[in-house]
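The values are calculated or read from the model by the stated rules, or taken from the named source; none is laboratory data. Quick caveat: nothing in here was measured; it's all calculated off a predicted structure. Quick reminder, even Gly has a Cβ in these numbers, built from the backbone with ideal geometry, and neighbours come from all protein chains shown. Keep in mind that these areas ignore ligands, DNA and RNA; they rest on the heavy atoms of the full protein, side chains included. Shrake-Rupley method; radii C 1.70, N 1.55, O 1.52, S 1.80 Å.
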Amino acid sequence: MFRKLRDFLELIRFSHTLFAMPFALLSAAMAWADGVRADPPVRFRWQDLVGLLLCMVTARSAAMAFNRLADRHLDALNPRTANRHLVTGRLTPAGVWAFTIFCSLGFVASTALFLPNRWPIYGAVPVLLFLFGYSYTKRFTVLSHFWLGAALMLAPIAAWVAIRAEWAWAPVVLGAAVLLWVAGFDILYACQDVEFDRRMHLYSIPAHFGVPAALQLAKLCHAAMVLLLIGLPAVFPLFGQIFYTGLLIIGTLLAYEHAIVRPDDLSRVNQAFFHVNAVVGLGLLAVGLADLWW
């Protein structure tokens, strides 16, 4: 049983929840901190925090499992992905479908924790459909990287709406930064599969425009992300000096990420993708919380 559980966690790359979770938690913290001044005030509730964590885990797990199902035939043809669980038979399509349905139902059920706010319940199915839709984007558009970014952009926006039951500029600006951040590092990651994507007529920016141009576009995405975060205090004045200090560190990390990935040397793409970006997400959450506490 534990081996099977481990296989499912590996299938969905559970550790990669670190990419989206920090931004959802930061947005929720912003919503609570700003809500103190609202009329009527928005109070912290433990059930909202639990609902947020459950929604993040179940939605991402469902989307990742669905992605593995949609790509299993392509994964079998790609040497880089030929050892994935569905390809090798460690997990069966029926089992992964059951897991996907279970996580999807868990996501929808978790939105009830935000009651009396009904907006999360109304948005649950459309959000899932948007997340599932990403799995097919490489078959028809080079903008698949930005679709993935938009999927993770939903995390901070949905977290704010779940807490506040209203729309605001602060989570939108934060979400737009997430979109560009994810699109940038997904472009880097896709550089590993340029020849395979071209052979299979799949759409990706590196396959369409070449690796050197793709790396430049990834840099522009991350530069724009930093600019959006610099502008975030303009719509969320509770952030100040600590937040800006953190952005300096995050900008340095992103610069390092691009320094270690070159058109003639993609050997450290995984280091840039997994290690640096996990630190970026957790680092932004840490400095944001520190600034709000201060």
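Could you give the distance between the Cα centres of segment 203-222 and segment 131-165, to the whole Å? If you average the Cα positions of each part, the centres end up 20 Å apart.
Computed with every protein chain present, the accessible area of residue 58 is close to 20 Å² [probe 1.4 Å]. Protection proxy ranking of 72-84, 276-288, 126-138, by the mean of other Cβ atoms within 10 Å over each peptide's residues and highest first, is 276-288, 126-138, 72-84. For segment 120-233, what does the alpha-carbon gyration tensor say about shape, rounded, prolate or oblate, given a ≥ b ≥ c as the root eigenvalues, a/c under 1.5 as rounded, and a/b over b/c as prolate? Oblate is the answer for segment 120-233, as a/c is 1.5 or above yet b/c matches or exceeds a/b. Remark: spin-label model distance residue 5-residue 209 equals 4.4 nm, labels positioned 7 Å along the Cα→Cβ axis. Solvent-accessible area of residue 258, all protein chains in place: 30 Å² (probe radius 1.4 Å, heavy atoms, ligands and nucleic acids excluded).
Per-peptide packing, taken as the mean over residues of other Cβ atoms within 10 Å, places 173-184, 214-225 in the sequence 173-184, 214-225 from highest down.
What does the C-alpha gyration tensor say about the overall shape of segment 217-270? Classify as rounded when a/c is under 1.5, otherwise prolate if a/b is larger than b/c, or oblate. Since a/c reaches 1.5 and a/b is larger than b/c, the shape of segment 217-270 is classed as prolate. In order along segment 6-12, phi translates into HN-Hα couplings of 4, 4, 5, 5, 5, 4, 8 Hz, rounded to whole numbers, per the Karplus curve 6.51 cos²θ - 1.76 cosθ + 1.60 with θ = phi - 60° and x for Gly and Pro. The amide H of residue 84, built 1.01 Å from its N in the peptide plane, has no neighbour under 5 Å, considering only residues 5 or more places off or on other chains. Shape verdict for segment 183-266, please, from the Cα gyration tensor: rounded (a/c under 1.5), prolate (a/b greater than b/c) or oblate. Judged from the Cα gyration tensor, segment 183-266 comes out prolate (a/c at least 1.5, a/b above b/c). Modelled spin labels at residue 244 and residue 83, positioned 7 Å past Cα toward Cβ, are 4.8 nm from each other. Normalised by residue number, the volume inside the convex hull of the Cα atoms of the chain is 125 Å³ per residue.
Taking 0.36 nm per residue of separation and subtracting the Cα-Cα distance, full extension of the segment from residue 201 to residue 44 would add 51.6 nm.
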